[in-house]
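Report on the structure given below.
The values are calculated or read from the model by the stated rules, or taken from the named source; none is laboratory data. The structure displayed is predicted, hence computed values, not measured ones. Positions of Cβ are backbone-derived with ideal geometry, glycine not excepted, and every protein chain shown enters the neighbour counts. Please note that ligands, DNA and RNA were not included when accessible areas were found on the heavy atoms of the full protein model with its side chains. Shrake-Rupley method; radii C 1.70, N 1.55, O 1.52, S 1.80 Å.
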Amino acid sequence: MTELGPVAWPPVPIRTERLVLREPEARDRAAFIELLASPEVHTYLGGPRSRDELEREMPRVPAQWPGSFVAELDGAMIGQILLRRATEHRRPAAAGKADLGYLFLPRAWGSGYASEACAAALDWFDGVLPGEPVVLTTQTANVGSMRLAAKLGFTEVERFQAWDAEQWLGLRPPVNLSDSQTQRPSTAVRRSTDGQTQVLAQLP
């Protein structure tokens, strides 16, 4: 994975109905360690990393690159949204395209926060890199992730075996900004208010 490309970073914080999406800060370090060391979070991602290893190796400000968003609820990080260029993806249909990933702490599950945050991040992506598709890969056993992919407008490209499990590759086609609201009712709608980016999620 590499960075997205020529995008202005960091963006103005993106505000949804309940969340703020912003670049990572030093105050998020403990939450990043919790996220990456969580067995529940990494059930379908090859297992968690060692907490001791993370404490030693994680920089003061984690994951600080274009396309890496912290999802914040009530002033605290609850998850991360990633949009990166899949230059080394093992499937030709995904190679070179922007790839969407997300991780949320277990205590934030079940309330629609991932849907809300991913929709806002994709709306941002459509604005800064219009006309580009986005891909998403998940295990077919991860029912929640499969359901979210469908809500966000990803459709199946192929299924394949990797890491001892069946994987699902989905594609979200490029958005035509002139009529994106009519084409994608599930995508958040963005408007500016007092210099802040507002995203009002319209997911089903």
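One table, with the values for the structure above:
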item	result
Checklist (1) open to solvent by less than 50 Å² (accessible area, probe 1.4 Å); (2) under 17 Å from L136 (Cβ atoms); (3) in contact with a strand residue (DSSP E or B) (Cβ under 7 Å, 6 or more places away or on another chain) applied to S115, failing item	(3)
Residue within the stretch 43-51 that is in contact (Cβ under 8 Å) with a residue 12 or more places away in the chain and open to solvent by less than 20 Å² (accessible area, probe 1.4 Å) present	no
Residues being assigned to a helix (DSSP H, G or I), open to solvent by 40 Å² or more (accessible area, probe 1.4 Å) and of a type outside the set (K, R) - total across the stretch 99-112	1
The lone exception for F32 - which of (1) touching a Phe, Trp or Tyr at 6+ places or on another chain (Cβ under 9 Å); (2) crowded, with 20+ Cβ neighbours inside 10 Å it fails	(1)
The one condition in (1) touching a residue at least 40 places away in the same chain (Cβ under 8 Å); (2) at negative phi; (3) open to solvent by 20 Å² or more (accessible area, probe 1.4 Å) that E57 fails to fulfil	(1)
Residues satisfying the stated conditions in the stretch 40-66, i.e. closer than 21 Å to W163 by Cβ and either among the hydroxyl-bearing types (S, T, Y) or within 16 Å of the chain's Cα centre (by Cα) (or both)	V41, H42, T43, Y44, L45, S50
Residues (modelled with pLDDT of 95 or more, open to solvent by 30 Å² or more (accessible area, probe 1.4 Å) and in a loop (DSSP other than H, G, I, E, B)) located in the stretch 62-96	D74, G75
Scope the stretch 2-29; condition among the hydrophobic types (A, V, I, L, M, F, W, C), modelled with pLDDT of 95 or more, under 30 Å from R56 (Cβ atoms) and surrounded by 14 or more Cβ atoms within 10 Å (Cβ to Cβ); matching residues	V20, L21
